[in-house]
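What follows is one structure encoded as structure tokens, with my remarks underneath.
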Amino acid sequence: MATSSAQHRKLTLRLVIIVIGMFGFGFALVPLYDVFCDITGINGKTQNSAAVWQSGQIDNSRSITVEFITRTNSGMSWEFTAQTQRISVHPGEVNTVSFYVRNPARNNIIAQAIPSVSPGQAALYLNKTECFCFNQQALQAGQEAWMPMSFYVDPDLPEDITYFTLQYTLYDVTDRAADLTDNENPFLRQPVSGSR
Amino acid sequence: MTKATETLVPDHASAHQDHHHGAPKGIMRWLLTTNHKDIGTLYLWFAFIMFLVGGAMAMVIRAELFQPGLQIVDPNFFNQMTTVHGLIMVFGAVMPAFTGLANWLIPMMIGAPDMALPRMNNWSFWILPFAFAILLGSLFVEGGGPAFGWTFYAPLSTTYSSDSTALFVFSVHIMGISSIMGAINVIVTIFNMRAPGMSWMKMPLFVWTWLITAFLLIAVMPVLAGAVTMVLTDKFFGTSFFDAAGGGDPVMFQHIFWFFGHPEVYIMILPAFGIISQIVPTFARKPLFGYASMVYATASIALLSFIVWAHHMFTTGMPVFAEMFFMFATMLISVPTGVKVFNWVATMWRGAMTFEIPMLFALAFIVLFTIGGLSGLMLAITPVDFQYHDTYFVVAHFHYVLVTGAVFSIMAAVYYWLPKWTGKMFNITLAKWHFWCSLISVNVLFFPMHFVGLAGMPRRIPDYSLQFADYNQWISIGGFAFGLSQLIFLTLVIKACKKQGEPVSDRVWEGAQGLEWEIPSPAPYHTFETPPVVK
């Protein structure tokens, strides 16, 4: 053979580097996926931080219907409903919708709401100035709360979108959340007297 | 190009082999072997045993589905059977069988004395039995084995799986390491150990397709390892790669999995293309039509395989432009695949054809694989995929390309090269029985699945609506017949390994071309210690 073991070693080393690189690439797909979805909005995720509203851009010629769906993940005991099922908004105007939660369980629970917009492209144009979904929410046993969400629709919303759905799923994150006292719920109402 | 094989084997080479030591004796021969032929044999036997084990699981599935309603196994065990059947057939049967063929044939085809990294070769085989012992063992632990489908979608494999998922993850890691080591070995061997004169465009197509497959393997097996690692940490260590509550996304699992999964599909079919491209010219007695276009088509299929993964995910709510992109990219693959099929047909055109057993399997491959390819084209069409998704139509599609495609090509390869390996012709009567029983039963088994799928029967469910009952009985009968037919194959291979049968010539088949037919039959334990000169 014309080839020496040094040649084998060199090529093997290069291939092993490719293998390690591809293993890293598998994990790099995670942030890449998030960045890609942030830019394109194609997975229906909304921004995780508050948007700042600029006045004077209200487009009264268009009406967009926004529908709200609330659900709780399996194993999550809270009651969770929206104040209204759908509202009609003009692009640019700020609206506030409240969501009702109650913890019927005998233990304290910390929740995280995850939004999802359908069709996904609309997520890029939904700007929330305030949302309970930006933080974890804690409720002690029997407590209830009305949690507000303020938003406006960007006037640049494509013409063909006249209707979109905003869904919140409530997850029980008590196990992985910080201490309950660190998560005092700002929207808390005192338990109704006479309830358990 | 088969004219590459006009060779000069030095006279002293054969004389030298006679007084060289032969194979050592006993079990240590197999445990410690670094001989590419021994390791090839180990891989092939391991794949055959796994084929029978995975097949037995398919028999359980078909027995349960013989009638509507639940009668034989409970749904959780049914799910374990579909899951482990898939994992074993993909990682335990088809891939090791191709690696076994690569070990046996690539050094003989390129005129090398052995694989480039023989000790690693030993390791890459011997960790495999442990991987599958762990996977099969997980079926017997409390809570049962993996029951989330071979695709292990999160959250089925994270939130809703049993604790044995850790065993599943560990075994997939070992399988992945084994495949990667095998692939590295193939690449180094082909790059560094070709005989003088064996230029790139003189390499037999089986070598070419395996080289490209090996690059696919080292590119995507690490991604699979990453995906199972994320499942492991999500399930046991509190990470949230795929958990929306912690900021992850379950749909991302499908993207990562299918980024591995689609190239994986071609890992299981490209070596098959190579095998068919060796067999058809032999029995048509003509050189392969369009050798260069075959090489380029194989490379194109491999490259395209990286940009089509989301066609498995049309129903996850992708935007229309993404669905259009993946639809057209997928359809584009049928162009190089069509080039291959037409080249095989053109090779046979006006050839002096004979129909020995390997050729029968190769012809069955060309026809039936094309049926599977065509149903794949139907599935690529986004709007109709919404109807076909997760139905038996999909099951029919991938069994046509994997059973009558990949598995038939492996059987064709075994019949084609077995006489070279053993020095004796196999029992032709048994082989004919095996071929015709398999051919008829496999179509009774998989063809009606198209119909029940189009009618809406979902896959991976142990029960079904009454209107599917008749077809499912036919499918099950076909399944049992196909399973039993493989026992004929087992008998034949055992007889061949006991060296029963008529001695064969060095060339074995009249029209066979290539370096592996220049050496004696049976192939000596050591070949090409002095490299041949390829003109």
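The values are calculated or read from the model by the stated rules, or taken from the named source; none is laboratory data. None of these values were measured; they are calculated from a predicted model. A quick note on method: Cβ atoms are made from the backbone with ideal geometry, for glycine too, and the neighbour counts reach across all protein chains shown. The accessibility values were calculated without ligands, DNA or RNA, using every heavy atom of the protein model including side chains. Shrake-Rupley method; radii C 1.70, N 1.55, O 1.52, S 1.80 Å.
Every Cα-Cα pair of the stretch B:107-208 was included, and the share exceeding 17 Å stands at 62 percent. Rounded to 0.05, the FRET efficiency of the B:VAL444 and A:THR81 pair, given R0 = 35 Å and the Cβ-Cβ distance, is 0.05. Determine which residues of the stretch B:367-390 fall in the zone a paramagnetic label at B:TRP474 would reach in this model, i.e. backbone nitrogen under 12 Å from the point 7 Å along Cα→Cβ. Flagged as within label range: none. Relative to the longest principal axis of the Cα atoms of chain B, the long axis of helix B:75-87 makes an angle of roughly 30 degrees. The Rg/Rh ratio of the protein assembly as shown, with Rg taken over Cα atoms and Rh as the Kirkwood radius over Cα pairs, comes to 1.04. When you filter the chymotrypsin sites (Phe, Trp or Tyr not before Pro) in the stretch B:445-535 for DSSP loop state and at most 16 other Cβ atoms inside 10 Å of their Cβ, you are left with B:TYR525. What the phi angles of the stretch B:402-407 give under the Karplus curve with 6.51, -1.76 and 1.60, with θ = phi - 60°, is a coupling list of 9, 8, 6, x, 4, 5 Hz, glycine and proline written as x.
On the beta carbon distance between A:ASN95 and A:ASN135, with R0 = 22 Å, the FRET formula returns roughly 0.60.
Note on B:VAL345/B:ARG29: beta-carbon distance plugged into 1/(1 + (r/R0)^6) with R0 of 56 Å gives a FRET efficiency of 0.80. Between B:PHE451 and B:ALA292, full extension at 0.36 nm per residue minus the direct alpha carbon distance yields a gain of 53.4 nm. Cα-based values for the stretch B:473-535, radius of gyration first and Dmax second, are 18.5, 58 Å. Against the main long axis of the alpha-carbon atoms of chain B, helix B:392-401 sits at an angle near 10°. Residues within the reach of a label modelled at A:GLN57 (point 7 angstrom out along Cα to beta-carbon, backbone nitrogen below 17 Å), restricted to the stretch A:140-155, are A:150-155. The separation of the stretch B:343-413 from the stretch B:177-254, counted between C-alpha centres, amounts to 25 Å. With the simple model of a label 7 Å out from the Cα in the direction of the Cβ, B:SER199 to A:ALA28 spans 3.6 nm. The Cα-based radius of gyration and maximum Cα-Cα distance (Dmax) for the stretch B:166-289 are 19.2, 64 Å. Please list, short to long, the whole-number percent of alpha-carbon pairs of chain A in consecutive 5 angstrom bins beginning at zero. Calculated P(r), rounded to whole percents: 1, 7, 13, 15, 14, 12, 9, 8, 5, 4, 3, 3, 2, 2, 1, 1, 0, 0, 0. Each 20 Å bin, from zero up to the one with the longest distance, holds this percent of the alpha carbon pairs of chain B: 22, 57, 20, 1.
Using the average count of surrounding beta-carbon atoms within 10 Å as a protection proxy, the listed peptides B:230-236, B:496-502 rank, highest first, as B:230-236, B:496-502. Label positions at B:PHE328 and B:PHE355, each projected 7 Å from the Cα along the C-beta direction, are separated by 4.4 nm. Counting only alpha carbon atoms, the long axis of helix A:5-40 and the longest principal axis of chain A meet at about 20°. A:THR129 exposes around 40 Å² of accessible area when a 1.4 Å probe is run over every protein chain in place. Within the stretch B:88-129, all pairs of alpha-carbon atoms sorted by distance into 10 Å bins from zero give the percentages 26, 52, 21, 1. Both numbers refer to the Cα atoms of the stretch B:236-385; Rg and Dmax are 19.3, 66 Å.
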